[in-house]
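To keep things clear, I will list the structure first and then write my remarks on it.
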Amino acid sequence: MSSFPTEKMNFVITPRVKGPVMLPKPRADLEPNTLEFERLPLVKPTGFREYDARWLFPEEINLMGLNAVGLGMAKVFESRNVPKRIIVGHDYRWYSSAVKQALINGLIGGGFEVHDIGLALSPMAYFAQFDREVEGVAMVTASHNDNGWCGIKMGLSRPLTFGPDEMSQLKNIVLEGDYEIKNGGSYIFVPDMAERYIKSLTDRPQLKNPLRVVAACGNGTAGAFAPQVLEAVGCKVIPLNTELDHSFPNHNPNPEDLAMLHALADKVKETGADVGLAFDGDGDRCGVVDNLGNEIYADTVGVMLARDISSRFENAKFVVDVKSTGLFLTDPVLKANGATTDYWKTGHSYIKRYSYENKALVGFEKSGHFFFNPPLGYGYDDGIVAALAVCDMLDRNLDKSMADLRNALPKTWQSPTMSPKCADEEKYDVVDKIIAHYKSQFETGAKIAGQKIVELITVNGVRIVLEDGTWGLIRASSNKPELVIVVESPTSEENRNAIFKDIDMQLARHPRVGAFNQKI
Ligand SMILES: [Zn+2]
């Protein structure tokens, strides 16, 4: 028997202080282990990036600073008339849970109904928005970053995440301390989201053939969920660094990191597996290694999946970013299947939004974020959904290995990403002048490598496409004082080199463009 006077347990607290009760405006100049650091919020402005937030914790943001971010988010939702309901989860790092608790304080203080799903992958948090019909998401994760980083991926309209608009609004509100404490906030603990997410992915037919799959997780959060999903659909999983260990004793959970790729390739070769899959720290990306241990770049994986998907869905529409291979336009199988592809701005939030708004079946971003829209997915990036698409493709091609499917693609001659230096204040202007030059070349019918320009894609810098599908891209880097140059030809190395030579000549006319990091 409880000795609590239960009849007195329901009571209403009347605020003792009327009027504004404000968290002070954050400072950017506080140092850990000082008196002020313990008394005031610290938020460095550099943490607000184009599509999400990343800070070194606690050097660039303290717990009170995270409180301020939560309060700021309330104002962003209010200004856009979005109900203040939000899913909150955290990744597997020693401080992520604390960071999340501080953020939750701010969210509740700002009047949010907070649905806390606990330890999660980013796609699990996005799934929870649909499953619980909640508008917002704030996923505490630094993805594949080194230890010491914390971050938040936010959204207010499923399946989309914040873009530059929402991010700069949030930044201004937080840095100005332009937030208010509101009544009505509440907390809901959700104990079973992982089970519900896993069920949603595994409630489907089994693979016909038990694939042998290496699942590499780099000791990150995906280790707790991805192998389980793959097993449940009928894979024989060979685990690689799937034990959770937030010291990342082997390498960072980053499929673009050579250490992770090499470890995966070695394991595939050692075990004779059918395919190797590498999940990043928050599970929204999946890198692929074929059965011979060769890495397949994300845009090539995209073409392979597009072939498979377009054979099942008539006139399938795809979206890829402008850095991706031209095979999406020139591949004869995609053409025969009636597939069409739009090239759009590099950046995962751009590709996600554009794919969703234009009802593309899948959006492929070269960094490995893939967006499967209904009926294949909900429209957000989920590395496990991408992995299942690879497994299904192999299952539909039982007579072919992953390497066979890769080698069935037409050969192309592609350059690596080449980056000449160009100051941040100059780079957009230089790119504009280069665009103007190629526009006039296009209009006058001038030739490059003996060919006319058939298309200029100017969504993000300029992608010059020639008659045979040879193309070159010139754009300003979004985060470094550099330009980004990529060229590719489906016909010959000479044509690839010829378009690069033309671009290089144009760049040489601008003294503000400096040395290349590498050249073909
Ligand atoms: Zn990620």
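The values are calculated or read from the model by the stated rules, or taken from the named source; none is laboratory data. Since the structure is predicted, the reported quantities are computational estimates derived from the model, not experimental observations. All Cβ positions, even for glycine, are placed from backbone atoms using ideal geometry, and neighbour counts span all protein chains on display.
Select from the stretch 3-46 the residues that are touching a strand residue (DSSP E or B) at 6+ places or on another chain (Cβ under 9 Å) and modelled with pLDDT under 95 and list them in ascending order.
Passing the criteria: only Thr46.
How many residues, within the stretch 322-355, are in contact with a Gly (Cβ under 8 Å, 6 or more places away or on another chain), assigned to a helix (DSSP H, G or I) and not hydrophobic (A, V, I, L, M, F, W, C)?
The total comes to 7.
If Val454 satisfies all but one of (1) of a type in the set (A, V, I, L, M); (2) crowded, with 20+ Cβ neighbours inside 10 Å; (3) closer than 30 Å to Arg307 by Cα, what's the number of the condition it fails?
(2)
Output the qualifying pairs, or none if there are none: Cβ atoms under 7 angstrom, residues six or more apart or on different chains, first residue in the stretch 376-387 and within 20 Å of Glu231 (Cβ to Cβ) and part of a loop (DSSP other than H, G, I, E, B), second residue modelled with pLDDT of 95 or more and within 16 Å of the ligand (Cβ to nearest atom).
The qualifying pairs are Asp382/Pro123; Asp382/Asp284.
Looking at the stretch 498-511 only, could you name the residues that are surrounded by fewer than 16 Cβ atoms within 10 Å (Cβ to Cβ) and not small (Gly, Ala, Ser)? Step through it out loud before you land on a result.
Here is the first cut: in the stretch 498-511, the ones surrounded by fewer than 16 Cβ atoms within 10 Å (Cβ to Cβ) are 501, 505, 508-509, 511.
Within the stretch 498-511, Lys501, Met505, Arg509, Pro511 qualify.
When the residues of the stretch 132-143 are filtered to those that are touching a helix residue (DSSP H, G or I) at 6+ places or on another chain (Cβ under 9 Å) and outside any strand (DSSP E or B), which remaining residue is nearest to the ligand (Cβ to nearest atom)? Before the answer, list the steps.
Of the stretch 132-143, the ones touching a helix residue (DSSP H, G or I) at 6+ places or on another chain (Cβ under 9 Å) are 132, 134-143.
Checking which are outside any strand (DSSP E or B) leaves us with 132, 134-135, 141-143.
Working: Arg132: 22, Val134: 21, Glu135: 22, Thr141: 7, Ala142: 9, Ser143: 4 Å.
The residue in question is Ser143.
Name the residue that is farthest from Leu156 (Cα to Cα), counting only residues in the stretch 83-119 that are of a type in the set (A, V, I, L, M, F, W, C) and either assigned to a helix (DSSP H, G or I) or in contact with a Cys (Cβ under 7 Å, 6 or more places away or on another chain) (or both). Even if it seems obvious, please write down each step before you answer.
Initially, the stretch 83-119 is screened for residues of a type in the set (A, V, I, L, M, F, W, C), giving 86-88, 94, 98-99, 102-104, 107-108, 112, 114, 117, 119.
Subset that is either assigned to a helix (DSSP H, G or I) or in contact with a Cys (Cβ under 7 Å, 6 or more places away or on another chain) (or both): 98-99, 102-104, 107-108.
Working: Ala98: 23, Val99: 20, Ala102: 20, Leu103: 16, Ile104: 16, Leu107: 13, Ile108: 16 Å.
Within the stretch 83-119, the match that is farthest from Leu156 (Cα to Cα) is Ala98.
Assess whether Phe371 counts as being within 16 Å of the ligand (Cβ to nearest atom) and modelled with pLDDT of 95 or more.
Taking the combined requirement at face value, the residue satisfies it.
Considering Asn219, Asn183, which residue is on the phi > 0 side of the Ramachandran plot and surrounded by fewer than 24 Cβ atoms within 10 Å (Cβ to Cβ)? Step through it out loud before you land on a result.
Details: Asn183 fails: on the phi > 0 side of the Ramachandran plot.
The unique qualifying residue is Asn219.
Please work out which residue is farthest from Gly220 (Cα to Cα), limiting yourself to the stretch 274-293 and to residues that are among the acidic types (Asp, Glu) and near the ligand (Cβ under 7 Å from one of its atoms). Give the steps one after another, and end with the answer.
Going residue by residue through the stretch 274-293, those that are among the acidic types (Asp, Glu) are 274, 280, 282, 284, 290.
Within this subset, residues satisfying the condition of being near the ligand (Cβ under 7 Å from one of its atoms) are 280, 282, 284.
Numbers: Asp280: 7, Asp282: 7, Asp284: 12 Å.
Looking at the filtered set, the residue picked out is Asp284.
Would you check if there is a residue in the stretch 199-217 being touching a Phe, Trp or Tyr at 6+ places or on another chain (Cβ under 7 Å), within 24 Å of Gly118 (Cβ to Cβ) and not assigned by TED's automatic domain parsing to the domain that holds Arg396?
yes
What is the residue count in the stretch 381-392 for residues that are farther than 18 Å from Thr221 by Cα and within 14 Å of the ligand (Cβ to nearest atom)?
Total satisfying the criteria: 0.
Phe364 - would you say it is in contact with a Phe, Trp or Tyr (Cβ under 6 Å, 6 or more places away or on another chain) and assigned by TED's automatic domain parsing to the domain that holds Val268? Break it down stepwise before answering.
On the way: in contact with a Phe, Trp or Tyr (Cβ under 6 Å, 6 or more places away or on another chain): yes; assigned by TED's automatic domain parsing to the domain that holds Val268: yes.
Judged against the criteria, Phe364 is a match.
For Met64, are the conditions met, namely being of a type in the set (A, V, I, L, M, F, W, C), within 16 Å of the ligand (Cβ to nearest atom) and in contact (Cβ under 8 Å) with a residue 24 or more places away in the chain?
Numbers: of a type in the set (A, V, I, L, M, F, W, C): yes; within 16 Å of the ligand (Cβ to nearest atom): no; in contact (Cβ under 8 Å) with a residue 24 or more places away in the chain: yes.
Spelling it out, it is not the case that Met64 is of a type in the set (A, V, I, L, M, F, W, C), within 16 Å of the ligand (Cβ to nearest atom) and in contact (Cβ under 8 Å) with a residue 24 or more places away in the chain.
Run Val431 past the list (1) closer than 20 Å to Val322 by Cα; (2) out of contact with any Lys or Arg (no Cβ under 7 Å at 6 or more places or on another chain); (3) part of a helix (DSSP H, G or I) and report the number of the one that doesn't hold.
For Val431, the exception is condition (2).
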